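I have placed the structure first, in the form of structure tokens, so that the comments after it can refer back to it.
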């Protein structure tokens, strides 16, 4: 047994063990730094987005459906969801997240795009089977952070993605 202990006490093993320990410590530190610089900011932005961002829902007859979809997900608070009607389009200008029901607001898309800031997110929900004119699609496509979605199930995914990727104003 002493021979085995003496064998591993050889200077070669002491040097290799020391180098291995330093490499392991540096690798662990780099991993922690990567998590702090890469993942932590995304979690913070998502948390702030879910708790603070107000969502302007441009819908009249289907507003309750959209509101229930958002609240039932457990991600959004009811107080952060605001109904925007055709007569009050300018109220949506203060929101950084806009959800538009294309079926009801097809004739007002250009007005909504004028109110949208470059850093705001716009998600246009188009019912399956409804054809969006090419000039309207081009208008939406010319604005950053704009999404056209045809499935309600994708709405939550696109909203959460938009919460992470849209700009945040410093207070």
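For the reader, a short list of remarks on this structure follows.
- Binned Cα-Cα distance frequencies in segment 2-48 - 5 Å width, integer %: 5, 19, 12, 13, 11, 9, 8, 7, 6, 5, 4, 2, 0
- Prolate/oblate/rounded call for segment 33-79, Cα gyration tensor, a/c under 1.5 rounded: prolate
- Relative exposure of 73, 146, judged by other C-beta atoms within 10 Å (fewest first): 73, 146
- Of interest is the spacing of the C-alpha centroids, which for segment 130-152 and segment 105-129 amounts to 8 Å.
- Computed FRET value (nearest 0.05) for residue 30 with residue 114, which takes r as the C-beta separation and R₀ as 41 Å: 0.30
- Helix axis angle, 152-165 relative to the chain longest principal axis, alpha carbon, degrees: 60 degrees
- Here the gap between residue 8 and residue 164, fully extended at 0.36 nm per residue and compared with their Cα-Cα distance, gives a gain of 50.9 nm.
- Residue exposure sequence - 136, 94 - by fewest surrounding Cβ within 10 Å: 94, 136
- Footprinting exposure proxy for 93, 3 (fewest neighbouring C-beta atoms within 10 Å first): 3, 93
- Convex hull volume per residue, computed on the Cα atoms of the chain, equals 203 Å³.
- Note: relative contact order over segment 1-152, using C-alpha pairs below 8 Å and six or more positions apart, is 17 percent.
- Among 31, 139, 17: highest mean-square fluctuation, GNM of the chain, C-alpha pairs under 10 Å: 17
Values in this text are rule-based calculations from the coordinates and carry no lab data. This one's a predicted model, so the numbers in the text were calculated from it and none came from an experiment. Note: ideal-geometry Cβ built from the backbone for every residue, glycine included; neighbour counts use all protein chains shown.
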